[in-house]
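The values are calculated or read from the model by the stated rules, or taken from the named source; none is laboratory data. Just so it is clear, the model here is predicted, and its values are computed rather than measured. Note that each Cβ is placed from the backbone with ideal geometry, even for glycine, and that neighbours are counted across all protein chains shown. Calculation scope for accessible area: heavy atoms of the full protein, side chains included, ligands and nucleic acids excluded. Shrake-Rupley method; radii C 1.70, N 1.55, O 1.52, S 1.80 Å.
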Amino acid sequence: MLASDTIPDQMVISLKGKRTLYKGDLMMLEMISQCNWTRPIYVAVTVGQENYMNLGDNFIQEGLANRITPFTTKNSGNKNFDTERVYTNMMTRFKYGGVDKEGIYLDETVMRMCYTHRRLFGQLALNLISEGKNDKAKKVLEYAEKVLPTYNVPMNYMSGGVDIAKAYATLGMKDKARKALTDIFGNALQYMTWYTSLDSNVMKGYQQDCMLNVYIMQNCIEAADAVDKSFGDEMYKKLQAVANVYQDKGGQLMRE
């Protein structure tokens, strides 16, 4: 369920980890104290956590924005993702600017925003599935394919590809799930193959990137097991092979 309609008597905002309150922090606190919850206050999902203090437990996501509520959505039975509003925004209100035009040039900034939109499509599909709304989830995935096609927006981990694949698998669309996971895993494997081809000393400078790509491949394997155990086993063998080369050259898979 979403947060109750009954406004609580008080809203507790933790300042843990804050050594200083800047003008932006004071402005947000003032807005919250004076709004009386007659109009919604939103924070963009793309804003860094440091810009909204410790209000994450008071957010309900409605699309590309989180609505601040006086309710705590963590460990209280309240839901922090409004599937109906996100569905309406994503499927009827958002405009995708012709990203589906084959061959159109997308610069780095636009591509990041496309990734953000696809991640949201994946989240929405999984949340709809958890609510038993499989038909709507299928429409979401179909629409995501249409407006953010992979020939312009690559299917990778940063674009929410694993969530998309999980949704496909859960809905029984295993061929699509397999294709998505193959692309994501293959992209990470390609990076690892290149990193491990470098001189050991040079490769160590990319250790964080290597750990990230190993993590991505592990996520793909976990999702692949739900599609077909042999599919996951095949991926695991490839991960083990490249991980062995990486470790033999002095690479670490865990932070020390």
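Laid out as a table, the results:
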read-out: Which listed residue, of S14, S33, is assigned to a helix (DSSP H, G or I), of a type in the set (S, T, Y), at negative phi and surrounded by fewer than 12 Cβ atoms within 10 Å (Cβ to Cβ); value: S33
read-out: Single residue of E222, E234 found to be over 25 Å from the mean Cα position of the chain (by Cα) and under 21 Å from V162 (Cβ atoms); value: E234
read-out: Qualifying residue in the stretch 99-107 (condition: buried (at least 17 other Cβ atoms within 10 Å of the Cβ) and not polar (S, T, N, Q)); value: yes
read-out: Condition met for Q123 (assigned to a helix (DSSP H, G or I), in contact (Cβ under 8 Å) with a residue 40 or more places away in the chain and open to solvent by 40 Å² or more (accessible area, probe 1.4 Å)); value: yes
read-out: Among residues of the stretch 96-120, those that are without any contact (Cβ under 8 Å) to a residue 40 or more places away in the chain and either under 15 Å from Y157 (Cβ atoms) or acidic (D, E) (or both), counted; value: 3
read-out: The listed residue being out of contact with any Lys or Arg (no Cβ under 7 Å at 6 or more places or on another chain), modelled with pLDDT of 95 or more and farther than 27 Å from D209 by Cβ, out of A137, A144; value: A137
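Let's see how each residue does on (1) modelled with pLDDT under 85; (2) touching a Leu at 6+ places or on another chain (Cβ under 7 Å); (3) of a type in the set (D, E):
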residue	(1), (2), (3)
Y42	no, no, no
G48	yes, no, no
L55	yes, no, no
F59	no, no, no
N75	yes, no, no
V86	no, yes, no
M90	no, yes, no
